[in-house]
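The values are calculated or read from the model by the stated rules, or taken from the named source; none is laboratory data. Just so it is clear, the structure is predicted and the values come from calculations on it, not from any experiment. Positions of Cβ are backbone-derived with ideal geometry, glycine not excepted, and every protein chain shown enters the neighbour counts.
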Amino acid sequence: MRLEVLPLAGKTSTEIAVVIDVLRATSTMVTALANGCPAIIPAADPDEARALAVAGGYLLGGERGGLPLPGFDLGNSPREYTPKTVAGRKVVLTTTNGTRALLLAASPVVLVASFLNLPAAAGWLARRKGDVLISCAGTDGGFSLEDFACAGMLLDMIAKAGNSLELGDGAVAARAVYRQWEGRIPDLLKSTGHGRRLDRLGLGADLEFCARVGRYAVVPQFSHGEVVAGDPDAGAGR
Ligand code: MLT
């Protein structure tokens, strides 16, 4: 199995792509789906998101600059996506980097991962043979340490499942970065640029939430314009 990590989001064409935006878009998607949201519809910008939500009668969520948008039902804090709020309700989501990274992924199978569902995603990937590209969403077009380290942890988990892996240079670097922070994921999130910015915005509780490795067992797949929590094997193909 060949694995590579893109430090910044880009177009993917490998058999399988994994999109990671730990702070906070993919953590929010994983939480919403685990809490009974049937689908997340990623939108490129707030206007498109509003139009999609109105047309479908869906909830509208997202951020710009980390903060909720005027007139939106929800921001981009995973803590808002509770069963009470999202169970049975599709959500249109637009975020600065995470939804953009997802919309760039052009692989036949596109998974969504964060620390919250990493063991489940690793377990699914460990049973596959195809080439995997992990796309890190980054922050405002720049590199994000938390996404890169999360990618490294994912590789580490797949390797520990006994797979023989052929790692690209980005994957080797991501694994090395992860090992520097092994066992200290909450500290990692507090130390990164985006983590510090969220803390300044009064959203420090999101850092603790997003640092919980394996809180959920969903393996969301982006397919036909929607991110859903079903078995990726059943829904493969875009
Ligand atoms: C993004 O997509 O840029 C992020 O999820 C930003 C955020 O923390 O809300």
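Computed quantities for the displayed model
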| read-out | value |
| --- | --- |
| Sole exception among (1) closer than 28 Å to residue 90 by Cα; (2) over 17 Å from the mean Cα position of the chain (by Cα); (3) aliphatic (A, V, I, L, M) for residue 176, by number | (1) |
| Single unsatisfied condition, residue 11 versus (1) under 29 Å from residue 162 (Cβ atoms); (2) more than 13 Å from the ligand (Cβ to nearest atom) | (1) |
| Unmet criterion (only one of (1) of a type outside the set (Phe, Trp, Tyr); (2) modelled with pLDDT of 95 or more; (3) not in a strand (DSSP E or B)) for residue 111 | (3) |
| Odd one out for residue 24 among (1) charged (D, E, K, R); (2) crowded, with 24+ Cβ neighbours inside 10 Å; (3) farther than 19 Å from residue 144 by Cβ | (3) |
| Residue in region 88-101 that is more than 9 Å from the ligand (Cβ to nearest atom), in a loop (DSSP other than H, G, I, E, B) and on the phi < 0 side of the Ramachandran plot present | yes |
| Any hit, region 39-48, residues being away from the ligand (no atom under 16 Å from the Cβ), under 30 Å from residue 152 (Cα atoms) and out of contact with any Pro (no Cβ under 8 Å at 6 or more places or on another chain) | yes |
| Pick from region 4-19, criterion out of contact with any helix residue (DSSP H, G or I) (no Cβ under 7 Å at 6 or more places or on another chain) and not in a strand (DSSP E or B), ranking: nearest to residue 96 (Cα to Cα) | 8 |
| Among residues of region 20-66, those that are assigned to a loop (DSSP other than H, G, I, E, B) and either out of contact with any strand residue (DSSP E or B) (no Cβ under 9 Å at 6 or more places or on another chain) or not acidic (Asp, Glu) (or both), counted | 14 |
| Condition check for residue 24: modelled with pLDDT of 95 or more and either small (Gly, Ala, Ser) or within 12 Å of the ligand (Cβ to nearest atom) (or both) | yes |
| Condition met for residue 170 (in contact with a Leu (Cβ under 8 Å, 6 or more places away or on another chain) and assigned to a helix (DSSP H, G or I)) | yes |
| Scan of region 104-142 for residues that are surrounded by fewer than 17 Cβ atoms within 10 Å (Cβ to Cβ), within 16 Å of the ligand (Cβ to nearest atom) and not acidic (Asp, Glu), ordered by number | 141, 142 |
| Residues of region 61-78 satisfying the condition of being within 15 Å of the ligand (Cβ to nearest atom) and in contact with a Gly (Cβ under 8 Å, 6 or more places away or on another chain) | 61, 62, 63, 67, 68, 69, 72, 74, 75, 76 |
| Cβ pairs under 6 Å, 6+ apart, first in region 74-89 and free of Cβ contacts under 8 Å to residues at least 60 places away in the same chain and farther than 10 Å from residue 33 by Cα, second within 16 Å of the ligand (Cβ to nearest atom) and assigned to a loop (DSSP other than H, G, I, E, B) | 76/24; 76/95 |
